[in-house]
Amino acid sequence: MTYFIAQILPYITVTVFVLGVVYRLWRWAASRIVHNITLSPFPQTKTEVAGIYLREILLFRNVFNFDRPLWVGAWPMHIALLNVIGGHVVGFYFLGKQFVYLGASEALSKYLSNLLGTVFGIILLAGLLYLLYRRIAIDKVRQVSNPSDYLMLLLLISIVSIGNFMRLVPEYGMHYEPVKEYFTTLILFQPAAIPEGNPFFIIHLLLAQILIMILPFSKLMHLFGMFGMRWIENRVYKEPAPGLPNVDVAAARARGTGLSSASSTDVA
Amino acid sequence: MPEYKGLKMPAKASAEEMRQIHIEPVPDDQKVEMAIQYLDEMRKKFRSFVLAMESCVKCGLCAENCHTYLGTRDPNNIPTNRAELIRKIYRRYFTLEGRWFGKLVGAEDLNLDIIEQWYSYFYQCNECRRCAHVCPFGIDTCEVTMIGRQILHWLGIVPKLHASVGAAMERTGNHTGLTKPAIVDTLEFLSEEIKDEFGVDVEFPVDKEGADIMYVPSSADFLLNPYTLMGAGMFFTYIGANWTIPSTITEAGNFGLLFDQQHTMRHNFTRLLHAAQKLGVKKIVWGECGHGWRAWKMYLPGMADLPLRWPITHIHDEVAYYIRTNQLKLDPYKLGRPVTLHDPCNYVRACGLAETMRTVIRACVADFREMYPNKENNFCCGGGSAILFDDPEMYQLRIKFSQKKAEQVRATGVGKDGNGILCAPCSICKAQLYPMVEEHELGVEVKGLIDLVGMALVWK
Ligand code: HEM
Ligand code: SF4
Ligand code: SF4
Ligand code: SF4
């Protein structure tokens, strides 16, 4: 079983993920932008368009403006998630010494790497629990939820909880070096067995792979969908020039159009 | 009032009425099969629809940002749930996860009950696009509504109101079935009204060949909003324009946008191009109509099948241009009443008219008060997409849909002394708000924006 999860499944996961995402994106690309449904006020330059993308991606501005309680959970959750994902890549690749490049000592770098991992891991878990709470407790959110919406959150919460547990309980912790070695062998298509028989690590690895395989077939596609939708709705639109043909207002007023000479009514 | 398992719905067009708009209603035992086939066609075409189907995270943000949910608290009026009525079918037939996991991921077989639900809830959507504006990703439930209505139309399920307007469009080129003699008559009458009230001579040239400008008013202005037409006539006369109103397409609206974006919408597009060609005009200027302006400004260029020869602008843009260049003399103190502005959703979220309207209203009105939220954040009046149904139950819904608007108007205080004006420069907004300001006892009178321009013009 461990053999399957650690040495075979990863290849299946990557294949399903890549093919799944390509399939979905291909389906989106095959349909067209039929009508001009740009949202106004219309951006006048590409820079303004980029501004809209950035404020929505980096700050979740719409969520902030139109549903503050959601923002309180969703924004920190996403920031933590991105850092956790980034941390997995960078941390294992540099064995926690990434901050050396920013001028820290090796010991400090490892310490920082650990600290940030723990902090973001906890924010992520708190954020997810809060989102789950909303889904269960708030009527309007419960009313829009399908079973899969809860399951998705539970899956994420399990992965993150186990990750945090391994961080916080040293007996079950994982060191950077063996994990890096394991992933290196995976990438070289000569998968080695998982070094330490840590059941939590195996479950963490299994659940994470399930998540990655589900992603292309779930609402997590929103990370691409958002670009697709904004590409349709936020674009440059230039208004046609106003001003009417053969109209000379000054001349018309001098002629007194509309004012019959017979009329004595004073309306002004 | 048709009743179907407790669903609220407007009266449906009869089979005969459907045939008048070229649709042979699909018999009940084939409806499900045909609906799936039409859905398949639409999802392959419209990316906006596919993305709405596939990338919603069910965050619930859109709920309290839709006035139909705020007014009714009906869960199916939450934008994402309105879309879910189709999404669950889409999942079941067109996605792997839906086929494999069914109910777990919210996938469901289509049946006649669900089609009736579509009819009920897609005609409870005002197509105002506030949901698209607020969604973190910009998911546009209005697109889903439009596609839902298109499929229903092909199945032969359209409200009587929309079908009869569709038939009138084909017969006369306008929504209210006005014939040329009626048009000319009304305009002559309005000339007299202008003379009596404002003391100026305004002529409304109809079908004048060789005119420079073709002005396309809303046909509702002839019956319900005379001051809007009078204001436009006074504006064109004031600036000395060589203008005309076409009798073959006396319609700023286009109900095609609302229930049949293919045949019906294109039909009136073609009429417009023929009229402009025949009269030899140089520019087309559009009257006050929210959904109509969206259709003609944003949809026409893509559906005309040729590069347009004539620039088309909105009359607000033109008036604002002459105000900015100091060519109009307007007296904002003439009116002497407090005014607030309801931003028609189509103007502010689809056509970019928010600032233009303010340029105009500030020049015409001394006591102008903003309502909040406004501009692109504005809430719909509750009449959008012409769900102006009079069946008693639907009328009750209209009152609920306009609740948010009523709160906003009240907060401005313009109606405190009973002499306020609610400027709502869109034919459908006007039709909705005339009765609604009474229902909510707002102490305001509903007017268009060009009405106010006409009243403020200084002629000498
Ligand atoms: C690009 C801008 C993004 C925005 C505006 C955004 C917005 C949201 C929102 C509003 C939710 C709903 C929270 C809820 O109530 O459940 C959500 C959930 C989520 N997002 Fe994003 N997201 C973005 C990008 C991403 C990216 C890049 C990722 C992955 C790396 C991601 C992963 C997730 C996850 C895992 C969830 C939780 C799903 C769940 O509720 O089951 N998001 N996102
Ligand atoms: S705001 Fe957008 S993503 Fe959130 S539930 Fe509504 S449609 Fe879905
Ligand atoms: S278009 Fe307007 S009425 Fe329709 S779902 Fe969206 S917010 Fe609600
Ligand atoms: S009727 Fe008026 S407020 Fe309502 S959708 Fe049309 S433009 Fe919007």
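Filtering the stretch B:447-460 to residues that are in a strand (DSSP E or B) and in contact with a Cys (Cβ under 8 Å, 6 or more places away or on another chain) leaves only B:K447. For B:A275, the criteria (1) part of a loop (DSSP other than H, G, I, E, B); (2) in contact with a Ser or Thr (Cβ under 8 Å, 6 or more places away or on another chain) hold in every case but one, which is (1).
Restricting attention to the stretch B:319-328 and to residues that are in contact (Cβ under 8 Å) with a residue 60 or more places away in the chain and at the interface with chain A (Cβ under 8 Å from one of its Cβ atoms), the residue that is nearest to A:V34 (Cα to Cα) turns out to be B:Y322.
When you go through (1) within 23 Å of B:C125 (Cβ to Cβ); (2) part of a helix (DSSP H, G or I); (3) more than 14 Å from chain A (Cβ to nearest Cβ) one by one for B:L388, which number turns out not to apply? Tallying (1) within 23 Å of B:C125 (Cβ to Cβ); (2) part of a helix (DSSP H, G or I); (3) more than 14 Å from chain A (Cβ to nearest Cβ), B:L388 fails exactly one: (2). Scanning the stretch B:135-165 for residues that are more than 16 Å from ligand 1 (Cβ to nearest atom), within 14 Å of chain A (Cβ to nearest Cβ) and of a type in the set (V, I, T), we see that the one that is nearest to the chain's Cα centre (by Cα) is B:T145. Select from the stretch B:92-134 the residues that are in contact (Cβ under 8 Å) with a residue 60 or more places away in the chain and within 14 Å of chain A (Cβ to nearest Cβ) and write down the one among them that is surrounded by the fewest Cβ atoms within 10 Å (Cβ to Cβ). Residue satisfying both the conditions and the ranking: B:V134. Just one of (1) within 16 Å of ligand 2 (Cβ to nearest atom); (2) over 29 Å from A:N36 (Cβ atoms); (3) touching a residue at least 12 places away in the same chain (Cβ under 8 Å) fails for B:P75. It is (3).
Do we have any residue at all in the stretch B:238-249 that's within 14 Å of chain A (Cβ to nearest Cβ), surrounded by 23 or more Cβ atoms within 10 Å (Cβ to Cβ) and either assigned to a helix (DSSP H, G or I) or on the phi > 0 side of the Ramachandran plot (or both)? There is at least one residue in the stretch B:238-249 that is within 14 Å of chain A (Cβ to nearest Cβ), surrounded by 23 or more Cβ atoms within 10 Å (Cβ to Cβ) and either assigned to a helix (DSSP H, G or I) or on the phi > 0 side of the Ramachandran plot (or both). Helices (runs of 4 or more DSSP H) fully within the stretch A:160-268 that include at least 1 residues being more than 10 Å from every other protein chain (Cβ to nearest Cβ) and touching a residue at least 60 places away in the same chain (Cβ under 8 Å): A:176-187, A:199-214. In the stretch B:254-306, which residue that is hydroxyl-bearing (S, T, Y) and touching a residue at least 12 places away in the same chain (Cβ under 8 Å) is surrounded by the fewest Cβ atoms within 10 Å (Cβ to Cβ)? Here the answer is B:Y299.
The numbered conditions (1) in a helix (DSSP H, G or I); (2) aliphatic (A, V, I, L, M); (3) out of contact with any Leu (no Cβ under 6 Å at 6 or more places or on another chain) are all true for A:L153 except (3). Would you check if there is a residue in the stretch B:300-315 being facing chain A (nearest Cβ under 9 Å), under 24 Å from B:T237 (Cα atoms) and among the hydrophobic types (A, V, I, L, M, F, W, C)? Yes; the residues of the stretch B:300-315 include at least one that is facing chain A (nearest Cβ under 9 Å), under 24 Å from B:T237 (Cα atoms) and among the hydrophobic types (A, V, I, L, M, F, W, C). Scanning the stretch B:217-255 for residues that are of a type in the set (V, I, T) and within 14 Å of B:V184 (Cα to Cα) yields B:T244, B:I245, B:T248, B:I249, B:T250. Based on what the data block shows, is B:I115 over 26 Å from A:L151 (Cβ atoms) and more than 9 Å from ligand 3 (Cβ to nearest atom)? Against the criterion (over 26 Å from A:L151 (Cβ atoms) and more than 9 Å from ligand 3 (Cβ to nearest atom)), B:I115 qualifies. Which count do you get for residues in the stretch B:298-341 that are polar (S, T, N, Q) and in a loop (DSSP other than H, G, I, E, B)? Selection size over the stretch B:298-341: 3. Of all residues being modelled with pLDDT of 95 or more and of a type in the set (G, A, S) in the stretch B:1-53, which is nearest to B:I139 (Cα to Cα)? Just the residue, please. Ranking the qualifying residues of the stretch B:1-53, first place goes to B:A52. Quick check, is B:R349 closer than 30 Å to A:H35 by Cβ, touching a His at 6+ places or on another chain (Cβ under 6 Å) and either more than 11 Å from chain A (Cβ to nearest Cβ) or within 16 Å of ligand 2 (Cβ to nearest atom) (or both)? Considered against the rule, which asks whether it is closer than 30 Å to A:H35 by Cβ, touching a His at 6+ places or on another chain (Cβ under 6 Å) and either more than 11 Å from chain A (Cβ to nearest Cβ) or within 16 Å of ligand 2 (Cβ to nearest atom) (or both), B:R349 comes out as yes.
Every residue, every condition in (1) in contact (Cβ under 8 Å) with a residue 40 or more places away in the chain; (2) outside the structural domain of B:A363 (by TED's automatic domain parsing); (3) surrounded by fewer than 22 Cβ atoms within 10 Å (Cβ to Cβ), yes or no:
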| position | (1), (2), (3) |
| --- | --- |
| B:P392 | yes, no, yes |
| B:K400 | yes, no, yes |
| B:A411 | yes, no, yes |
| B:V446 | no, no, no |
| B:L452 | yes, no, no |
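Filtering the stretch B:42-63 to residues that are within 16 Å of ligand 1 (Cβ to nearest atom), part of a helix (DSSP H, G or I) and either touching a residue at least 60 places away in the same chain (Cβ under 8 Å) or more than 7 Å from every other protein chain (Cβ to nearest Cβ) (or both) leaves B:L51, B:A52. If the condition is being within 16 Å of ligand 4 (Cβ to nearest atom) and of a type in the set (V, I, T), then the stretch B:364-406 contributes B:I387, B:I399.
When B:S219, B:S191 are screened for being within 30 Å of B:L328 (Cβ to Cβ), modelled with pLDDT of 95 or more and touching a Leu at 6+ places or on another chain (Cβ under 6 Å), only B:S219 passes. Tell me the residue from B:R87, B:R43 that is among the basic types (K, R) and surrounded by 22 or more Cβ atoms within 10 Å (Cβ to Cβ), please. Unique residue meeting the criteria: B:R87. Where helices (runs of 4 or more DSSP H) sit wholly within the stretch A:1-87, those with at least 3 residues that are more than 14 Å from every other protein chain (Cβ to nearest Cβ) and in contact (Cβ under 8 Å) with a residue 40 or more places away in the chain occupy A:9-30. Across the stretch B:107-145, what is the total count of residues that are within 16 Å of ligand 4 (Cβ to nearest atom) and among the charged types (D, E, K, R)? Looking only at that region, the number is 5. For the stretch B:353-385, a tally of residues being on the phi > 0 side of the Ramachandran plot and assigned to a loop (DSSP other than H, G, I, E, B) returns 1.
Here the condition is being touching a Ser or Thr at 6+ places or on another chain (Cβ under 6 Å) and outside the structural domain of B:D451 (by TED's automatic domain parsing); of B:A220, B:A182, it holds for B:A220 alone.
The values are calculated or read from the model by the stated rules, or taken from the named source; none is laboratory data. Source: prediction; values computed, not measured. Please note: Cβ atoms are built from the backbone with ideal geometry, for glycine as well, and neighbour counts cover all protein chains shown.
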